[in-house]
Every structure is written in structure tokens, then in C-alpha cells.
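The values are calculated or read from the model by the stated rules, or taken from the named source; none is laboratory data. Quick caveat: nothing in here was measured; it's all calculated off a predicted structure. Quick reminder, even Gly has a Cβ in these numbers, built from the backbone with ideal geometry, and neighbours come from all protein chains shown. These area figures cover heavy atoms from the full protein model, side chains too; ligands, DNA and RNA do not enter into them. Shrake-Rupley method; radii C 1.70, N 1.55, O 1.52, S 1.80 Å.
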Protein chains: 2
Amino acid sequence: MQSAPPDPELLAAVTDLGSALRALVEASVRTVVDPGELRGVATGVRALTERLEAAQRGVHQLPALDDPVDFRRVFNPVSGVGSALAPPLTIHQANGGVFARTSLGLAYEGPPAFLHGGMSSLFMDQLLGAAAVAAGLWGMTARLELDYRAPVPLLTPLEMRAHVTEDSGRKTVVQGIIALAEAPDRALVEARGVFVMPRRDKAEAYFSAITDASGQAAPPGRPTDATAVEPD
Amino acid sequence: MQSAPPDPELLAAVTDLGSALRALVEASVRTVVDPGELRGVATGVRALTERLEAAQRGVHQLPALDDPVDFRRVFNPVSGVGSALAPPLTIHQANGGVFARTSLGLAYEGPPAFLHGGMSSLFMDQLLGAAAVAAGLWGMTARLELDYRAPVPLLTPLEMRAHVTEDSGRKTVVQGIIALAEAPDRALVEARGVFVMPRRDKAEAYFSAITDASGQAAPPGRPTDATAVEPD
């Protein structure tokens with residue numbers, strides 16, 4: 001089944017709001033304005049929230065822009081253009097694997113001026129899953145292993161890469177790294193993930209309640225948290 | 001050295017803005033308002049961002065409320081009261097370990113209606129680090145391993161636990177799980193982390209540029225991405 005292309009006007013608006021929210025989140029951790037001004041901004045934030053809450057989807061209803069079969073998930077918390085939590089990572093296909101380039105703000109901080117260790121694992125999980133998808137495979141994360149070689153600096157150009165190293169039936173093994181863009185061969189973080197396609201009965205149990213934006217049953221045949229990969 | 005208590009007025013305002021932002025982020029992924037309204041909200045968001053950007057700290061300057069020696073990090077992306085990315089997890093000490101209870105919104109979604117696999121690893125990294133801190137130890141994440149037994153549902157009460165299993169000099173091993181609050185002994189996700197205290201020369205190299213809010217040199221002696229743990 002060919003999926004319908006996303007509504008361009010809605011996609012542009014969701015992308016615009018995602019960008020605006022990301023800048024607001026980063027400003028909120030860097031600001032040193034006084035408590036009165038923080039309270040004033042919080043009041044403004046609540047008024048905007050009310051406008052968005054005027055009409056909402058349910059937890060089992062996919063966003064109108066999403067298509068899990070095409071791996072399009074606009075609110076994915078790592079790669080979604082509409083997600084305020086996501087940098088977002090734009091994942092490209094190259095050299096038999098995938099890569100992403102980014103620079104991360106203080107909102108992602110763990111130790112002072114460095115990336116939170118758990119954020120490295122979050123980004124790697126997404127990138128490893130995307131490498132499986134790019135290789136025509138997919139699965140849900142079954143195991144994830146990370147070795148932290150050196151801290152990852154914030155506000156610094158980074159390169160993340162991943163490629164499938166093993167593919168046996170329902171199981172795919174993927175490896176990846178996080179490095180400085182200026183030293184892409186020295187891994188700061190190394191990751192290995194095992195992705196397993198759930199058996200049909202499990203997939204049905206997990207996703208039977210999922211509907212599309214119109215409310216029609218739409219349990220995805222290939223549900224995943226991976227996202228669209230830009231062609232080479 | 002005893003650290004100064006945080007400014008209560010500033011802490012309350014940062015907490016208020018953090019809560020408001022979290023609700024805005026969740027509303028932004030659940031809303032189905034039309035593109036024009038999304039654009040209008042984005043314009044409002046940008047105006048609020050400008051107000052926060054009127055005065056900002058630098059990347060090496062700690063927030064006024066933070067005290068890494070006390071493990072107080074108000075913008076920590078997992079447990080920080082001021083972080084829009086954080087649920088936030090409130091981490092308690094009990095039974096020789098730590099635990100947190102939470103329920104996660106659609107902003108954290110991976111597969112439809114379930115938690116993103118990388119989010120499980122992010123939360124576990126934080127909780128495992130907090131267990132080390134609660135045991136009087138600390139370190140930076142050196143290795144993290146996760147086994148995903150079953151998907152973690154969104155909008156469902158969860159319990160996360162962790163405890164130190166091994167402590168040998170600079171190295172601490174911690175194990176933890178994510179479970180449903182109603183079935184706390186059945187692990188949906190199992191995690192194991194190795195935390196290592198960096199050697200003095202490395203710690204100095206990593207953190208020598210860090211200053212306190214007033215701009216005075218304040219390289220933390222025990223830098224960590226862990227956070228305050230509520231006493232039993």
C-alpha cells in the first residue's frame with residue numbers, strides 16, 4: 001500500500017512550532033532573568049497551552065502527519081520535526097549505514113558543559129534503529145549496550161554513525177558511535193543494539209488499539225520508533 | 001564546605017516555568033488544532049523566548065540554583081524541576097537503593113502508545129547514577145547495558161528502582177529496572193551501569209572552565225549528572 005504524502009501546510013506549521021518550542025526550552029535553561037519575569041513567561045506559556053489543548057488526539061490515535069509504515073513520526077523525541085524534546089536529528093543514508101550531524105544545547109546537559117550520558121544512549125537507540133530501517137529491516141530494541149570513552153561536549157559539532165553488522169531472521173545487530181565532527185574516527189561513545197521483530201501475536205497485542213487520525217483501526221504492520229531516513 | 005540553600009523565590013519560579021513548559025510540550029504533540037492556530041502559537045512562543053533571552057548564562061557558568069557538590073541540578077533533563085525535557089523524576093532513597101514513580105506522556109513516545117526505547121535508557125542512566133550517589137559514591141557513566149523485556153506503556157503509573165551491586169575503588173556497578181507500578185517485580189526493562197570516578201587530571205581537564213553563577217571559578221570536585229535524592 002502506497003502511503004499518502006503528508007499535508008504540506010500542516011507539516012510546515014508543525015515544523016515551525018517544533019522549532020519555536022526548541023528555542024524556548026533552550027532559553028529556559030540559559031536565562032538569568034529575575035523570578036518575576038520567569039513567572040510572567042510561565043503565565044504566557046499556560047495561555048498558549050490552553051490554545052493547543054482546545055482539540056487533542058487520544059493516546060492510541062496517530063498524528064495526522066504520521067505514517068509508521070513509511071517510518072514518518074513527526075513527534076519522535078529524537079528525530080521528530082515537531083518534537084520540542086528532539087534536537088532534532090536528521091538521519092541520512094550513506095556508505096551502507098546512516099549518519100546524523102548535530103550540535104546540542106544546554107537543555108541536554110549532564111555533567112557541567114557535557115552531554116548527559118543517558119542522552120547519548122537515547123540518540124544512539126534512535127540512530128541504530130534507523131540503520132536497521134535503512135537496511136530494509138526493523139525491530140524493537142531488545143538490548144542496548146554503550147561504552148562511554150570520553151565525555152561529549154555541548155555546543156560542539158558532532159557526528160553520529162551506525163550500520164548493521166548482523167542480520168539473522170527476526171534479529172538485527174547494529175553498531176554505532178558518537179564522535180566530534182572534527183575527529184569523526186575517534187569514538188566518544190560506542191553503541192551496540194539488538195533489534196528484534198516481535199512475533200505476530202505479540203505485535204497484535206501491543207498495537208491492536210492503534211487508529212489513524214480519523215479514528216479508523218490502523219495497527220501498524222511494522223511499528224517502530226525509527227523515523228524516515230533521507231536518501232543518499 | 002557546606003553549600004548555601006537555594007534562593008526559595010527563584011527556585012519556586014524556575015519550578016513554575018518548568019511545569020508550564022512540560023504541559024506546553026505535551027499539548028504540542030497531542031493537539032489537532034489547525035495549521036493557522038499552530039502558527040499563531042509559534043509566534044507566541046517566540047515572543048516568550050525573547051523575554052527569556054534578555055539575559056543568559058554562558059555554557060561554562062552554572063545556574064544560580066545549582067550545586068554539583070550537593071547534586072542539585074535544577075535543569076537536569078531527567079530530574080530537574082526546571083527542565084521541560086524531564087518528566088521530572090523525583091528520586092527517593094529506600095531499602096538500600098533508590099526509586100522513582102512516574103507516568104509518561106506522548107512526548108516520550110517511540111512505538112505507538114509505548115515509551116521510546118532510548119527514553120528507557122535515559123531514565124535508567126539517571127536513576128543508576130542516583131543510586132551510586134545515594135550510596136555515597138559517584139562517577140561518570142562508563143558502560144550502560146539494557147535488556148528490554150516488554151514495551152513500557154505511556155500514561156500508566158510506572159516504578160523505577162536501582163541499587164548498587166558492586167563498589168570497588170573508583171568503580172561502582174549499579175542495577176535497576178523499569179516496571180509497572182501495579183506489578184513492580186516484573187521488569188519491563190533491566191539495566192546495569194558501570195560508573196567510574198575520573199582521575200584527578202582528567203576531571204581537571206574536563207571541568208576547569210566551570211564557574212559559578214557569579215563567574216568565579218568553580219570546577220566541581222564531584223561533577224555528576226546525578227541529582228539530589230530525597231531522604232527516606
Answer yes or no: is there a residue in region A:55-68 that is part of a loop (DSSP other than H, G, I, E, B) and within 21 Å of B:Ala86 (Cβ to Cβ).
yes
Within region A:38-61, residues charged (D, E, K, R) and touching a residue at least 40 places away in the same chain (Cβ under 8 Å) come out as A:Arg57
Those residues of region A:25-36 which are within 7 Å of chain B (Cβ to nearest Cβ) and open to solvent by less than 50 Å² (accessible area, probe 1.4 Å), in sequence order:
A:Val25, A:Ala27, A:Ser28, A:Val29, A:Arg30, A:Thr31, A:Val33, A:Pro35
Of the conditions (1) open to solvent by 40 Å² or more (accessible area, probe 1.4 Å); (2) within 19 Å of the chain's Cα centre (by Cα); (3) touching a residue at least 40 places away in the same chain (Cβ under 8 Å), the single one that B:Asp7 does not satisfy is (2)
Looking at region A:138-145, can you tell me whether even one residue there is in contact with an Asp or Glu (Cβ under 6 Å, 6 or more places away or on another chain), closer than 19 Å to A:Val98 by Cβ, part of a strand (DSSP E or B) and of a type in the set (D, E, K, R)?
yes
Residue by residue through region B:171-185, note down the ones that are out of contact with any Lys or Arg (no Cβ under 8 Å at 6 or more places or on another chain) and either under 16 Å from B:Met140 (Cβ atoms) or not aliphatic (A, V, I, L, M) (or both).
B:Lys171, B:Thr172, B:Glu182, B:Asp185
Per the list (1) touching a Pro at 6+ places or on another chain (Cβ under 6 Å); (2) without any contact (Cβ under 8 Å) to a residue 24 or more places away in the chain, residue check on A:Ala86 breaks on (2)
Scan region B:16-28 and report the pairs whose first residue is under 14 Å from A:Glu26 (Cα atoms) and whose second residue is modelled with pLDDT under 95 and surrounded by fewer than 21 Cβ atoms within 10 Å (Cβ to Cβ), with Cβ atoms within less than 8 Å and a gap of 6+ or a chain change.
none
Determine which member of the set A:Arg39, A:Arg46, A:Arg22, A:Arg51 is open to solvent by 20 Å² or more (accessible area, probe 1.4 Å), assigned to a helix (DSSP H, G or I), more than 7 Å from every other protein chain (Cβ to nearest Cβ) and of a type in the set (Lys, Arg).
A:Arg22
So B:Tyr206 fits all but one of (1) surrounded by 18 or more Cβ atoms within 10 Å (Cβ to Cβ); (2) part of a strand (DSSP E or B); (3) more than 18 Å from the chain's Cα centre (by Cα); (4) within 9 Å of chain A (Cβ to nearest Cβ); what number is the exception?
(2)
Among B:Val173, B:Val164, B:Val98, which is the only one that is buried (at least 24 other Cβ atoms within 10 Å of the Cβ), at negative phi and part of a strand (DSSP E or B)?
B:Val98
Among the residues of region B:121-144, the number that are more than 8 Å from chain A (Cβ to nearest Cβ) and either under 14 Å from B:Ala86 (Cα atoms) or not small (Gly, Ala, Ser) (or both) is 5
Which one of these does B:Asp185 not meet: (1) within 30 Å of B:Val29 (Cβ to Cβ); (2) assigned to a loop (DSSP other than H, G, I, E, B)?
(1)
Subset tally (residues that are open to solvent by 30 Å² or more (accessible area, probe 1.4 Å) and among the aliphatic types (A, V, I, L, M)) for region A:143-161
1
Applying the selection to region B:60-91, what residues are out of contact with any helix residue (DSSP H, G or I) (no Cβ under 9 Å at 6 or more places or on another chain) and modelled with pLDDT of 95 or more?
B:Thr90
